[in-house]
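Accompanying notes for the structure given below.
Derivation of every value follows stated rules applied to the coordinates shown; laboratory data play no part. Because the structure is a prediction, the values reported are computed rather than measured. Note that each Cβ is placed from the backbone with ideal geometry, even for glycine, and that neighbours are counted across all protein chains shown.
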Amino acid sequence: MLKTVGGGVVAATVGAAFPATFASAVSRSAISESPITEGWASQAVTPRAAAFNPADVRLLEGPFRQAQERDGRYLLQLEPDRLLHNFRLNAGLTPKAAVYGGWESAEPWVNIRCHGHTLGHYLSACSLMFASTGDQGFKRRSDYMVMELRDCQDAGKSGIVCAFPDGEAPLHDIMDATGFVGVPWYTMHKIFAGLRDAYLYTNNRMALDVLVKLSDWAIAHTQKLSDEQFQRMLDTEHGGMNEVLADVYALTHEPRYLTLAERFCHRALLDPLAQTRDTLDGLHSNTQIPKVIGFNRLYELTGQADYRTASSFFWRTVVDNRTFATGGNADREHFFPPADFFQHLGSAKTMETCCTHNMLRLTRMLFALNPTADYADYYERALYNSILASQDPDSGMMTYFQPTRPGYLKLYCTPTDSFWCCTGTGMENHAKYGDSIYFHEANILYVNLFIPSTLAWREKGLTITQTTRFPEQDTTRLQLTCQKPVNLTLNVRHPSWCQAVTITVNGRRWATSRQPGKYVEVNRLWRTGDIIEVHLPMVLRTEPLPGHSDVVAILYGPIVLAGRLGRKGLTPGADIIVNERTYGDVLNDEVDVPRLLGDEQEIVKQIKPSAGSALTFHTMGIGGIGGIGHPHDVNLMPYYRIAHERYNLYWKVVKPGSRAKSVMPDSLIAG
Ligand SMILES: [Zn+2]
């Protein structure tokens, strides 16, 4: 079976052909002593731009690096043997440590059959963290998990490794459509993806071997299904099985994995999207996004236009019509009719963090195919306001939902008793902040994000150091070190939120761009010591809730500001919860949420910077007069920074003299 991956052909195309998802993770890598030699199956489509090897980008001091470090501490605190407990049991081996709680073993989650999903995420996260930091401690963990999975696979004999309490039964049940429970393929996808990432990011050949055997198990056991039966099975959430099997094909060049990847494409979603029809109302958001990532991956491998139409249309309709100001989407995990945004504001179960995680994965793939600034604009928006916002700055734990309910707060998982889906994607989120700051084309370097970092562009003999306190300041500075003078174009993103960007090179004005949402091209012969400074003035502005001009979020540059509403009823630690289903049922103390009096222009003029801390503001005399409750002015700070405190994200704008009483209908405040 493994002869298929032993070709030994040096992959000349690896960099260009890599999907942006993990672009060039193995190409000319600092990671590997022995390069991965198989390369990808020849792709039908080569993305125009590629990301850099994560080992070539390092974060420098700033909020992202701090988040990465907190995540790293959490990863090292978890015990692999506990994650492996059920895998060993199912293989007939003695577990080495007790199983973890939450979704890994406990009621009320046993029937979702997510046992073992955390191991997959953990394997991805440790592998990514190794690539992003070079810290061997993460590689040792990744290696250990892979070796253990190999042992389980060998001992189990059938090829599968899984942690369901009833072994492989949930997979047989769902394939036979006989009284199955939970989302077994969703869970299996995480294990597949963890093995893929261990291979790509740590060059662990054993991980690929285990992955290939696992994929063969999947082929053997799905072969009996008719296409109709297969599609019925896909009515149940199955993660990104189509994507990861497409990757197995790309790694092995074996068409049978491509065939299975295409069988795992859910026609009920693919067909309407390929006809640019949005049928998303009522669908489970995080079930759909990974399928679409798979469609896009299959476009790269097959060139079939339907896949491409589907993925770009999906992105466009979700981002334009179904997304909150922070970049998150959905309520109670489901897409709702875009006309209904207002009804959903009162929910404590809006904006599941996994959905944003997966939208960002899709975004960077689409950017690679068509490098335009609107993808990078969304990426920035969601990265600060959803992903950075999702981590507790004290404990390092992660949000599940990010509630829009006025006066509610962020709730975080526990370290060892929750293991939600968002705990898993959360482990990965903070391990890969470096993966989308820069992209490259032949002679073009895209600077998409203003995050302090260093980049080594090995092919060009070029090192770039980006120094900035953005968004606390509105400038960034790129300093170049070149082995020899190099001619190339720096494409600096002119964000859509910024009216005019000014760029200086070595202190002299190069250009002022007045085209938001485009790139500013800086083309010249670069030499060591050259310095590019980018000035990105930020202003306060409001942004309406889709379809509701009188309900607005307040932003400063790309940063969504949240109103600070105090800590009523909140004792230390009360916002760390075991059960994600209790969002909205706990900590429901009523707080007054001011409305904003005036029109949008006046409101913005009456928001003033606060002394002492960057990016903090306060309203002056627009916190409402009369009406119910106790209207008051309000202090604002970045949503990404707010923690352990009640907040408000969207504000009802009330024209002076209007009789509207409250920021939200009372029924919504009550939830
Ligand atoms: Zn989730």
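Things to note:
- The stretch between ALA611 and ASP135 holds 167.4 nm of extra length on full extension. This uses 0.36 nm per residue minus the Cα-Cα distance.
- When only alpha carbons of region 484-639 are considered, Rg and Dmax amount to 21.7, 69 Å.
- Length-normalised contact order for the chain - Cα pairs under 8 Å, 6+ apart - percent: 13 percent
- Sum of -39500 (n - 2.57) over DSSP H runs of 4+, divided by residues of the chain (222 nm, nearest 500): -10500 deg cm²/dmol
- For region 476-525, trypsin sites (Lys or Arg not before Pro) are listed when DSSP marks them as loop and at most 15 other Cβ atoms sit within 10 Å of their Cβ; the list is ARG514.
- What the Cα convex hull of the chain gives, in volume per residue, is 144 Å³.
- Proximity of backbone amide H atoms, modeled 1.01 Å from N, is registered between MET398 and ASP392, CYS413 at under 5 Å, excluding neighbours fewer than 5 places apart on the same chain.
- Separation of the HIS221 and ARG256 label points, Cα + 7 Å toward Cβ, nm: 1.6 nm
- Cβ-Cβ distance of THR481 and GLU69, R₀ of 30 Å, FRET efficiency by 1/(1 + (r/R0)^6): the value works out to about 0.70.
- At R0 = 22 Å, FRET efficiency that the Cβ-Cβ distance of ASP599 and GLN473 yields, to 0.05: 0.15
- Residues GLU590 and ALA98, FRET efficiency given R0 of 35 Å [Cβ-Cβ distance, rounded to 0.05]: 0.25
- log₁₀ of I(q)/I(0) at q = 0.08, 0.21 Å⁻¹ - region 309-467, Debye sum with one point per alpha carbon: -0.26, -1.36
- A straight chain from GLN515 to MET147 at 0.36 nm per residue would run longer than the Cα-Cα distance by 127.2 nm.
- Distance (nanometres) between label positions extended 7 Å along Cα→Cβ at VAL539 and ASN506: 3.4 nm
- Stretching the chain fully between THR178 and THR582 yields a gain of 142.4 nm (0.36 nm per residue, less the alpha carbon separation).
- Near VAL319, once Lys and Arg are set to +1 and Asp and Glu to -1 for all other residues with Cβ below 10 Å from its Cβ, the sum equals 0.
- Across q = 0.10, 0.11, 0.14, 0.19 Å⁻¹, region 245-385 modelled as identical point scatterers on its alpha-carbon atoms has Debye log10 I(q)/I(0) values of -0.33, -0.40, -0.64, -1.11, in the order of the q list.
- In region 104-164, the trypsin sites (Lys or Arg not before Pro) that fall in loop regions by DSSP, at most 11 other Cβ within 10 Å: LYS157
- With viscosity 1.002 mPa s and temperature 20 °C, the Kirkwood radius over alpha carbon pairs of region 378-466 converts through Stokes-Einstein to a diffusion coefficient of 140 µm²/s.
- Spacing of the modelled spin labels on THR416 and GLU79, each 7 Å from Cα toward Cβ, amounts to 0.6 nm.
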